[in-house]
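Some notes on the structure that comes next.
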Amino acid sequence: MAWYKEMFADEDPLRSDKYGESEKSRAQVDFVIEKLALQPGARILDLCCGQGRHLLDLMKRGYEVVGVDLSEYMLAKCREVAEKDGLKPNLIEADMREIAFDSEFDAVINLFTSFGYLESDDEDQKVLDAVSRALKPGGRFLMDIHNRDAFMARFVERTWSENSRGDIILEDRHFDSTTGRNNSREITIHADGRRSERTYSLRIHAYTEIAKMLASSALEVQSVWGGWDSSPFTSASRGMLIIAEKART
């Protein structure tokens, strides 16, 4: 099983506290609405929606949102939260490369570094092609990914940490300069003495690389920020928040 299928297939105590709607996620939705200039009732695709912390907030604000995720578990959690709020989200279990929409959305969002999981740049390009097809002419795509310049500036091969549950986590990393991928092995000693291990591999893009990929999918970069606080994008920015637009003709 691909690592990105296994990692999100079921409950993960190291991850679960990051996914609920919060003051932080609501501020991020404010950013989405402002920067994409979303009109009331706009139709939005949340690609890799996970447990829906952005999707459900957008629904509460009156937007028509479709959520797509590869993880059946994540979508089930989203439905659980939605039911408590009296919401019935339109959720689709699908591979992000294979979404079958054609000129249907005013905006597509892909947040929380959900791009770069796939096995090659060619496979990632298929995602951007699918996004471009899904957008209406003039529709906009917002993606939230790591900034390679800053990632490499702070890169360390091995770290130890302890989370709030008392788990001790060792992460052993190797950055492959030929592929631009960060390959990590994560070993966790749980508070109850159990040990677990997982690996993952994430493509880390430089801005010039991702801008070229977007252009290849007929998506032209309109703006880029270094953070959710609308800070300017620089080589020191930890992330890239990029908005690209589909040609209007």
If the chain between Asn163 and Glu197 were fully stretched, how many nm would it gain, using 0.36 nm times the residue separation less the Cα-Cα distance? 10.7 nm
Please give the charge dipole size of region 151-202, origin at the Cα centre, charges +1 on K and R Cβ atoms and -1 on D and E Cβ atoms. Round to the nearest 20 debye. 80 debye
Measure off 7 Å from each Cα along the Cα-to-Cβ vector at Glu171 and Glu64, then give the distance between these two points in nanometres to one decimal. 4.0 nm
With just the Cα atoms defining each centre, how far is region 168-204 from region 25-65? Give it in Å. 31 Å
Protection proxy (average C-beta count within 10 Å per residue), highest first, orders 138-149, 219-230 as 138-149, 219-230
Region 151-202: relative contact order as a whole-number percent, Cα under 8 Å and 6+ apart: 26 percent
Calc'd 3J(HN,Hα), region 35-40, phi into Karplus 6.51 cos²θ - 1.76 cosθ + 1.60 (θ = phi - 60°), Hz, glycine/Pro = x, comes to 6, 8, 6, 5, 7, x
Listed residues Val68, Val156, Val81; largest mean-square fluctuation, Gaussian network over the chain with Cα springs below 10 Å, found at Val156
Gain in span if fully extended, Asn183 to Trp3, counting 0.36 nm per residue against the direct Cα distance: 63.7 nm
Averaging sequence separations of C-alpha pairs under 8 Å and six or more residues apart, then dividing by the length of the chain, give the relative contact order as a whole percent. 16 percent
Answer rounded, prolate or oblate for the chain, using the Cα gyration tensor with square roots of eigenvalues a ≥ b ≥ c: rounded when a/c is under 1.5, else prolate when a/b is larger than b/c, else oblate. oblate
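Every number here is computed from the coordinates shown, using simple stated rules; none is lab data. Not measured: the values here are computed from a predicted model. As a convention, Cβ positions derive from the backbone with ideal geometry for all residues, glycine included, and neighbour counts pool all protein chains shown.
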